[in-house]
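Enquirer: The following block contains the structure, expressed as structure tokens.
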Amino acid sequence: MNGKKKPLPPGQFVYPSFERFGLGLFAKRFPNQTERIELSIGGDVESTLTVAGELSSLPRVEQVSDFHCVTTWSCLDVRWSGVRFSDFYEQIVAPRVKPRDDATFVVFRGQDGYACSMQLADLLAPDVLLADTVDGHDLGIEHGAPLRLVAPAHYGYKNVKHIAAIEFWRDRRAYRFPFPYPQLMDHPRGRVAFEERARYLPIWLVRLVYRALMPGARSKMRKALLAYRSRGGSRA
């Protein structure tokens, strides 16, 4: 970067390490399996499909991008590898699953029970990946094994880990942000550049609340991961 400090998006600060992080409800929830990729594709579609080895037929790409958590911390220059979501959609989903033309509300569901939505137009950006490695290594439990979404322009909570299902819907009827968390925590797009951290609430208030909750969330995640490893959890 020619000695220049990389500018950060509004309201973010650099955190020195890239750790497992997320909603406290999911701290003790881990995927059932991490060695094999298997995705269920459905929604408002002509045919459902289970995708397994098909991802290996798509071109692999590697990219370096920044990761921005909605709670205001950032990790810079993370190296991901996987396949572009646009290739996945155009070469597998569109011809074989055939979503309705207006099925542009996309829901990702993780093995741990977490779910979040994205707009199809955002997912087709060239830097959005279905990733299976980070910094040259297979994804571990902390970063979403065996497969996760990487959407650098969107806050981390939109980047679903341990993906088990992808659904293409015409509207929100089949989706709810994980209970008991309030729906206002889930912005329809969650774009970092526009600081779309939540719905309705003023940005300054959201920043304050998230920063206050961050230490407790980190502690809970660390303890849960240590307990998982002590039980012999795989790819930890």
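Enquirer: Counting only residues that are surrounded by 22 or more Cβ atoms within 10 Å (Cβ to Cβ) and among the charged types (D, E, K, R), which one in the range 122-180 is nearest to Glu195 (Cα to Cα)?
Expert: It comes out as Lys158.
Enquirer: Let me ask something else. When both residues are 6+ apart or on different chains and their Cβ atoms are under 8 Å apart, which pairs have a first residue that lies in the range 74-94 and is crowded, with 21+ Cβ neighbours inside 10 Å, and a second that is hydroxyl-bearing (Ser, Thr, Tyr) and in a strand (DSSP E or B)?
Expert: Once the first residue is crowded, with 21+ Cβ neighbours inside 10 Å and sits in the range 74-94, its partners that are hydroxyl-bearing (Ser, Thr, Tyr) and in a strand (DSSP E or B) give Trp80/Ser65; Trp80/Thr133; Gly82/Thr133.
Enquirer: Could you list, in sequence order, the residues of the range 1-47 that are hydrophobic (A, V, I, L, M, F, W, C), part of a loop (DSSP other than H, G, I, E, B) and exposed (fewer than 14 other Cβ atoms within 10 Å of the Cβ)?
Expert: Hit for the range 1-47 is Met1, nothing else.
Enquirer: Determine which single condition Ser56 fails, assuming it passes every other condition in (1) in a helix (DSSP H, G or I); (2) in contact with a Lys or Arg (Cβ under 8 Å, 6 or more places away or on another chain).
Expert: With (1) in a helix (DSSP H, G or I); (2) in contact with a Lys or Arg (Cβ under 8 Å, 6 or more places away or on another chain) applied to Ser56, the lone miss is (2).
Enquirer: What strands (runs of 3 or more DSSP E), lying completely within the range 81-190, carry at least 2 residues that are within 11 Å of the chain's Cα centre (by Cα)?
Expert: 105-110, 115-119, 129-134, 148-150
Enquirer: May I ask you to say which residue of Gly43, Gly24 is at pLDDT 95 or above and of a type outside the set (Lys, Arg)? Show your work before the answer.
Expert: Values: Gly24 fails: at pLDDT 95 or above.
It is Gly43.
Enquirer: Additional query: Tell me which of these Asp66 doesn't satisfy, since it passes every other one: (1) surrounded by 15 or more Cβ atoms within 10 Å (Cβ to Cβ); (2) in contact with a Phe, Trp or Tyr (Cβ under 9 Å, 6 or more places away or on another chain).
Expert: Just one mismatch for Asp66, condition (2).
Enquirer: Return a yes/no flag: does the range 176-188 have any residue that is touching a Leu at 6+ places or on another chain (Cβ under 7 Å), more than 21 Å from Ala27 (Cβ to Cβ) and of a type in the set (A, V, I, L, M, F, W, C).
Expert: Checking the range 176-188: at least one residue is touching a Leu at 6+ places or on another chain (Cβ under 7 Å), more than 21 Å from Ala27 (Cβ to Cβ) and of a type in the set (A, V, I, L, M, F, W, C).
Enquirer: Restricting the range 191-217 to residues that are in a loop (DSSP other than H, G, I, E, B) and among the aliphatic types (A, V, I, L, M), which is farthest from Lys158 (Cα to Cα)?
Expert: Leu201
The values are calculated or read from the model by the stated rules, or taken from the named source; none is laboratory data. All figures in this text were calculated on a predicted structure; none of them were measured in a lab. Cβ: placed from backbone, ideal geometry, glycine included. Neighbour counts: every protein chain shown.
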